[in-house]
Protein chains: 2
Amino acid sequence: MAETARHPEPRYGTRPTMKDVAARAGVGLKTVSRVVNSEPGVTPDTERRVQEAIDALGFRRNDSARVLRKGRTASIGLVLEDLADPFYGPLSRAVEEVARAHGALLINGSSAEDPERERELVLALCARRVDGLIVIPAGDDHRYLEPEIKAGVATVFVDRPAGRIDADMVLSDSFGGAREGVAHLVEHGHRRIGFIGDRPRIHTATERLRGYHAAMTDAGITVQDDWVSLGTTDPGRVKAAAEAMLSGPEPVTALFAGNNRVTVTAVRVLAECERRVALVGFDDIELADLLGITVVSQDAAAVGRTAAEHLFRRLDGAGHAPARVELPTRLVARGSGELPPA
Amino acid sequence: MAETARHPEPRYGTRPTMKDVAARAGVGLKTVSRVVNSEPGVTPDTERRVQEAIDALGFRRNDSARVLRKGRTASIGLVLEDLADPFYGPLSRAVEEVARAHGALLINGSSAEDPERERELVLALCARRVDGLIVIPAGDDHRYLEPEIKAGVATVFVDRPAGRIDADMVLSDSFGGAREGVAHLVEHGHRRIGFIGDRPRIHTATERLRGYHAAMTDAGITVQDDWVSLGTTDPGRVKAAAEAMLSGPEPVTALFAGNNRVTVTAVRVLAECERRVALVGFDDIELADLLGITVVSQDAAAVGRTAAEHLFRRLDGAGHAPARVELPTRLVARGSGELPPA
DNA sequence: TAGGCCCTGGACAACGTTGTCATGGCGGGA
DNA sequence: TCCCGCCATGACAACGTTGTCCAGGGCCTA
């Protein structure tokens, strides 16, 4: 700090400003601003002189200052669970594409499923004054966002509903999808069907479990406690859960996997199992067609696109009441879900 | 402002500033700044009053103004090809993780392999005054970045070298990896080996092709023109190319796939082929272990991490000469690459 | 008790841009 | 020829924050 004061000459890292351009071009500051922003009221000759000065100095407008003056940043924030998860890549890309169409940049961050980290990220984005936020909630209490939303930050929650706050949401039909997937197994003759899902704190996890229960009830099957496993999706736990369900005197004959990570591990476990066990997974997976894995597919890109379009509609205009959109899922039969009970 | 005085609650779309907080807490503006930034020199009592005002008003510091004053944005930009590509997800996440450790946010954008779009994105990021840039080049001329780098924007190029400019780079050993992969096929008795890669404009594509040629030459094999196909990686073209190589009087007995997208399509084509054709792919793929696909694997997360660490080292300090880092690849044998010639 | 020091707090300028408004020159219509 | 009005241009304030510097009060010391 004192260092900086004593050495006022860190030329390296200093960028030319409009003032510098103006001086070099021999015009006023505002004229440079006009040229940079393609505003009318500049003669071609003046414009040329200014443009030359810009090129010569390598001037680039400082958007921070611009934002300060104009109030909008032309950027939106996306907070998701993990960018490395193959479900979120396409979702993020879809959001980016919509943002681009609206001239906005995308800042994104991974919450790692940690509510505190989600909060930190979201607030950091608000401090940057993003115009809008798309959040895949990790926590279940988003009241901390109330002042932000009131202040005009458009916010859309995705994949899971917001906690204790009224806001736009774009969800997939987790309940219906799981119900359909489990019913599919029932149709193929299964009655002892296992469910392996994510932690119950996660909304989609409980919705899918609810769908499982509904389908079982529809079929008149009483679910046994040891057919259901909820918890982290790390391979170790999922493997243990699957193996437990597949052993014992009355093993399950089919598995329903609650998300893509669970499905992957389940496939690995089943590959080493001599019995032929049926499997339906929630979320599609690359190469699942080649492996013949039947899935309940949700279109990640469509979810992202829908959310982003919602966001910009809200940014552009009317302050209609918060809406809740639910996108359908699609059962894709590829073999693993059509195996008969062993 | 007089308005604000009459309505203690902030109006929709207007955010409270430090001035508002100061007024409400009955202190000076700078005192609020001190509290917000945890600077010393504020009595506990004053701090409490300020904090109360902050909470009551829902104040959030405006980082745009802060940036304007301080010069650093604590954000870095990542320009890659396509966030939806499973190779870039983990890379991006790794970059984010390093950025987070340095208190920086990540802005990323997809160039869609379009040089002009890459340029637009990069310059937009520079206008936002990101502290640093990580770029996976789409174009082959990056002289447009010269003024930016001179002005102090730390820049690291990843996966492919920068064009006509001297800068830091983090690459994978495409040449060596491809050479090793093709040699692996040779070792298993193949002589007629096909190569399907990306457009020659892309550096990694030509490097991998070079590795292929080197391995063939090492083995004393003369490559026939129709064994090599370079072009877009869309499934249609790759499928056609693979089918062409697999038909005719002297079909290839093995394929080397130039990247993950090509590998995926190749696997699909080979699955419908009655002959058993060997396959080695560049880049690992989820579930490749279950499908028994032999690959030359590059660690996307390691690439991202290395690049980001490089970036922050440069940001933090010494202006050493631009470095070029090359990360090794690893051959993972899983079956498809060990098939004998049919 | 006086002098000096430290500690808290605030006034003010500056960061780089844009919006507002004033100015001066020039052309056209009367 | 004169005046009006339009157009190009620039001076200036403001956006919200932080750095600098100064003021005033309390306390310690001589």
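Can A:VAL98 be described as open to solvent by less than 60 Å² (accessible area, probe 1.4 Å) and within 15 Å of DNA strand C (Cβ to nearest atom)? It is false that A:VAL98 is open to solvent by less than 60 Å² (accessible area, probe 1.4 Å) and within 15 Å of DNA strand C (Cβ to nearest atom).
Looking at this structure, is A:ASP141 away from chain B (no Cβ under 11 Å), surrounded by fewer than 20 Cβ atoms within 10 Å (Cβ to Cβ) and part of a loop (DSSP other than H, G, I, E, B)?
Working: away from chain B (no Cβ under 11 Å): yes; surrounded by fewer than 20 Cβ atoms within 10 Å (Cβ to Cβ): yes; part of a loop (DSSP other than H, G, I, E, B): yes.
Spelling it out, A:ASP141 is indeed away from chain B (no Cβ under 11 Å), surrounded by fewer than 20 Cβ atoms within 10 Å (Cβ to Cβ) and part of a loop (DSSP other than H, G, I, E, B).
In summary, B:ILE149 fulfils each of the numbered conditions (1) at pLDDT 95 or above; (2) surrounded by 17 or more Cβ atoms within 10 Å (Cβ to Cβ); (3) aliphatic (A, V, I, L, M) with the single exception of condition (1).
Restricting A:LEU287, A:LEU246, A:LEU255 to residues that are under 25 Å from B:ILE285 (Cα atoms), open to solvent by less than 50 Å² (accessible area, probe 1.4 Å), out of contact with any strand residue (DSSP E or B) (no Cβ under 6 Å at 6 or more places or on another chain) and among the hydrophobic types (A, V, I, L, M, F, W, C) narrows the list to A:LEU287. The residues of segment B:101-134 that are charged (D, E, K, R) and more than 11 Å from every other protein chain (Cβ to nearest Cβ), listed by number, are B:GLU113, B:ASP114, B:GLU116, B:GLU118, B:ARG119. Residues that are touching a strand residue (DSSP E or B) at 6+ places or on another chain (Cβ under 7 Å) and either on the phi < 0 side of the Ramachandran plot or surrounded by fewer than 17 Cβ atoms within 10 Å (Cβ to Cβ) (or both) within segment A:271-284 comprise A:VAL277, A:ALA278, A:LEU279, A:VAL280, A:GLY281, A:PHE282, A:ASP284, listed in sequence order.
The values are calculated or read from the model by the stated rules, or taken from the named source; none is laboratory data. Keep in mind that what you see is a predicted model, and the values were worked out from it rather than measured. Heads up, the Cβs are rebuilt from the backbone with ideal geometry, glycines too, and the neighbour counts pull from every protein chain shown. Heavy atoms of the whole protein, side chains included, go into the accessibility calculation; ligands, DNA and RNA do not. Shrake-Rupley method; radii C 1.70, N 1.55, O 1.52, S 1.80 Å.
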